[in-house]
Amino acid sequence: MDNESLRKGTSRNSRAKKPSLPLKKLRDFKRLYLAPIYLNPTAQRWMIGITSTIILALLLSPTIRLPSEHYQVGDVASADIKSTQDFLVEDESATLAKRIEVKMAVLSVYDYDPSILQKATGKIRTAFSLMRGYVERDEIRGREEERKKELEELFGITLASKEFNSLARSDFDQSIEGVILGFVQPIMNKGIVGDRDFLAQQKGKGIVVRNVQTQTERIRSQLDTIIDSAQAEAIIKQNAKALPRTIGRELRAVSVKIASHLIEPNLTFNRNETEARKTAAFHEVKPVLFQIKKGEMLVREGERITEEHLVKVQALEALGKESNVPLITMGLFFLIFMIVYLVYAFSTKNIRKTSLSSRDLFFVSLNLITIVLALKLFIFISGSIEINFLYISSSSYYYLFPVAAGAMLTRIVINSEVAIMYSVIAGIFSAILLDHSLFFFIYPFVGSIVGANGVARCEQRSTLIKAGIHVGVANALLIVFYEMFRGTLFGFEVLFNCGFGFIGGILSAVIVLGTTPIVEAIFGYTTDITLLELANLEQPILKDLIVQAPGTYHHSIIVGSLAEAAAKAINVNPLLARVSAYYHDIGKIKKPLYFSENQGGKKNPHDRLSPSMSSLILNAHLKDGVELARGQKLGRKILDIIQQHHGTSLISFFYQKAKEKENPGVESINEKDYRYLGPKPQTKEAGIVMLADAVEAASKTLSVPTPSRIKGLVSRIINNIFIDGQLEDCELTLKDLHHIEESFDRILTGIFHQRVEYPDSQEEQNTSKKEGDEGTHSRSTKTRKIRQKDDQKVGPNHLKGVEPPG
């Protein structure tokens, strides 16, 4: 029973441990898609860059604003509302009045149809020509009624028999035809409208006459000559009275009747076209705007909101609001991405020290985002402060913002090259936020450069305060020069601007002072302040070193002095060089007796080992040192120098020993097996520590360390390391090597200086003389052998002297 229960329990446990399907899919997704991003530095950089660009685009977008109080007409203002910038407000009533005025000024469009006159004259000529043909052929007499109907159809009129007969008796003479044409053509050429009363409303403005055939237009301002059909008929009757007496009364009457019937309006009011033109003109009128100046009071606290107040306040709230928010944000994204990418690509390809790791890129991006976000909030806060202090413009508060803090922090934790690139980008972003002004690019850029330069050797916390003062002075000078350029130097506001600029520099230093330890803890950076703490010889790891490997400790102290002097000589970080030298051999703590400086005359353990095993032990002190440095949190810079301070140099002592034992027919010695794993020094400080380590170790082999011998030894060691290619990646120039050599000569000469021999008592002199006579030969022989050995070891491939290299 118990066994069965146990089996069931085991079965249940096994089922419980089996991952569920969604969890398995999540793990597969991480393994297939996320793991390559985590492991690939290039993918990490792209992710950091794109994500940072999106965040910066959102922050820099003018559409993102803090919520404000909304008023209605009749509300009481809870605070003063002051214009933060120059802007224009539409006067809606004036705009409407102007639009109506422009609309009323649009001329009415009349379509002129010349075909109406053409048709009328055509009917007259056709009818008379046809009837005259009948007269000539004598086809009217006896057929009067038939011919009358034909004439009526042509004119579209009903004629009495008497009227037709009168025309027939005149044989449809051309003079009668001319009379009718004389009635019709002049009148219709002037223009005839259907509604004379509506035309009268256009008097004083005129009309647009548009030819419907040619589509040409002309403005006709004299409207008195345009008549309607009734007026046209009256004019025809009046003209008929002036006809000669040869034309009888009956012919006059029928001529007037035909002409009056043929006349019809040829000017037609085009209502649709007129309204379209009026509407277009109405909308083409631009809004009537009035200007609100920056600093102008829109409404005071406690004042009741009127319609005019509301228009101004709403216009102020609408500033920067765009209808196409996604397009604006996308444009900002591509603009920021182009700026950041081009600066990053240029600096990484042309400035060696800007080769950023993913950690560095993440820090710089986070730094930029923090500065932009803080500046965005600061702008809103300054606007609120301005309401209470009306005599200070909001732009004056901008000088108070500690924008230089970002560049100063970047210089402290990374380097000056990256700080310069950061200053350029931060200046551009500041200009975008602060009124798109060129000066607000120059102001943060110059302040950032001054601040970064001020913290270049930040070995004391007071250095930060001094740098902040320098930034403040630079800010104040920039403001003075800018106001001189604008011609507004002598103003009350300039004093506030200069004061705020100086305080902004101090604030930058205070912020950096407080955030540096946080950045060091989060990102694992090693700053000069941390290096000062690590330079304390009471550090636990150094105390362990002096107890377990005293020779290595002494060696490290001497190497630190050499490295510091050399770093000062070539103007690189002497503190980093000295502290790195203190810790460069901490890996020897694990096997101290395998290094000659710690053996103290004891038997050398390497005598029992093969040369290959000895080389592995020497190589291991680098790995052990890196592990100890990582455990002690010494920082990336020191860790890298520990790993690089031997480069890929040859462990010549054991290599030569292996060559002596080599059996050419059975085995061959590979030189790579007797080289350090590297990498080669990547920085000038790492190269200096490498040179100092090799020179100090080799100097122990000098039996008579005269200045000339020291100089020759230092020169040979440096030349051999240079020829071996160990300094290829650390940018040390020949001029640098010359200065380093001089500093090494000076330090080592001081260490091995000649002492004055003090006189002894007569008894001591006799004893010394007796002992000297007994040991003269042996000491002379030993010294000679050591010198011969020195000359052999300090050859082209020897870097560390006769001791097992470490």
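The values are calculated or read from the model by the stated rules, or taken from the named source; none is laboratory data. If you're wondering where the values come from, they're calculated on a predicted model, not measured in any experiment. Ideal geometry is used to build each Cβ from the backbone, glycine not excepted, and the neighbour counts take in all protein chains shown. Just so you know, the surface numbers come from the protein's heavy atoms only, side chains and all, with ligands and any DNA or RNA stripped out. Shrake-Rupley method; radii C 1.70, N 1.55, O 1.52, S 1.80 Å.
Quick one: net charge of residue 451's neighbours, Cβ under 13 Å, K/R +1, D/E -1? Net charge around residue 451: +2. Local charge for residue 467 was computed over the other residues whose Cβ lies under 15 Å away, with Lys and Arg +1 and Asp and Glu -1, and equals +2. Over region 153-213, accessible surface divided per residue gives 47 Å², non-protein components excluded, 1.4 Å probe. Listed cross-link partners 349/680; 123/257; 568/591 are compared with a 22 Å cut-off, the Cα-Cα value being larger for 568/591.
With Rg and the Kirkwood Rh both taken from Cα atoms, where does Rg over Rh land for region 615-673?
Taking Rg over the Kirkwood Rh, I get 1.16.
Based on every Cα atom in region 507-663, Rg and the maximum pairwise Cα distance Dmax equal 18.1, 72 Å. Entry comment: accessible area of region 510-606 is 39 Å² per residue, from protein heavy atoms only and a probe of 1.4 Å. Estimated translational diffusion coefficient (Stokes-Einstein, Kirkwood radius over Cα pairs, 4 °C, 1.567 mPa s) of region 237-375: 51 µm² per second. A Cα-only calculation for region 513-582 places Rg and Dmax at 13.7, 40 Å. With R₀ set to 25 Å, the beta-carbon distance separating residue 355 from residue 733 gives a calculated FRET efficiency near 0.85.
Which sequence of 197, 673 reflects their accessible areas, 1.4 Å probe, from the largest down?
197, 673
For region 412-490, compute Rg over Rh where Rg is the Cα radius of gyration and Rh is the Kirkwood radius from the inverse mean 1/r over Cα pairs.
Here Rg/Rh amounts to 1.03.
Principal semi-axes of the equivalent ellipsoid, √(5λ) from the alpha carbon gyration tensor of region 411-565, are 42, 15, 13 Å from largest down. Cβ-Cβ distance of residue 703 and residue 510, R₀ of 56 Å, FRET efficiency by 1/(1 + (r/R0)^6): the value works out to about 0.45. So for region 141-180, what percent of the C-alpha to C-alpha distances run longer than 17 Å? Considering region 141-180, 26 percent of its Cα-Cα pairs are separated by more than 17 Å.
Taking 0.36 nm per residue of separation and subtracting the current Cα-Cα distance, fully stretching the chain between residue 221 and residue 345 would add 37.6 nm. For region 220-330, the share of accessible area belonging to carbon and sulfur comes to 52 percent (1.4 Å probe, ligands and nucleic acids excluded). Please state the relative contact order of region 641-758 as a whole percent: Cα pairs under 8 Å, 6+ residues apart? About 29 percent, as a whole number. Enclosing the Cα atoms of region 273-320 in their convex hull gives a volume equal to 105 cubic angstrom per residue.
So which GluC sites (Glu not before Pro) in region 81-171 pass both tests, a DSSP loop state and at most 14 other Cβ atoms within 10 Å of the Cβ?
139
Amide H to amide H distances under 5 Å link residue 108 with 208, where only residues 5 or more positions off or on other chains count and H is placed in the peptide plane. Using the Cβ-Cβ distance between residue 234 and residue 200 with R0 = 22 Å, the FRET efficiency computed as 1/(1 + (r/R0)^6) comes to roughly 0.80. Treating only the Cα positions of region 577-653 as identical point scatterers, give the base-10 log of I(q)/I(0) from the Debye formula at each q in 0.13, 0.15, 0.27 Å⁻¹. So the normalised log intensities are -0.41, -0.54, -1.28. Each residue was assigned an accessible area with a 1.4 Å probe, and for residue 338 the value is about 120 Å².
Calculated over region 134-231, the projected area of the Cα convex hull averaged across directions stands at 8.8 nm².
Within the set of other residues whose C-beta is less than 10 Å from the C-beta of residue 251, count the net charge using Lys and Arg as +1 and Asp and Glu as -1.
0
In terms of the mean number of neighbouring beta-carbon atoms within 10 Å, the peptides 572-578, 709-715, 154-160 order highest first as 572-578, 709-715, 154-160.
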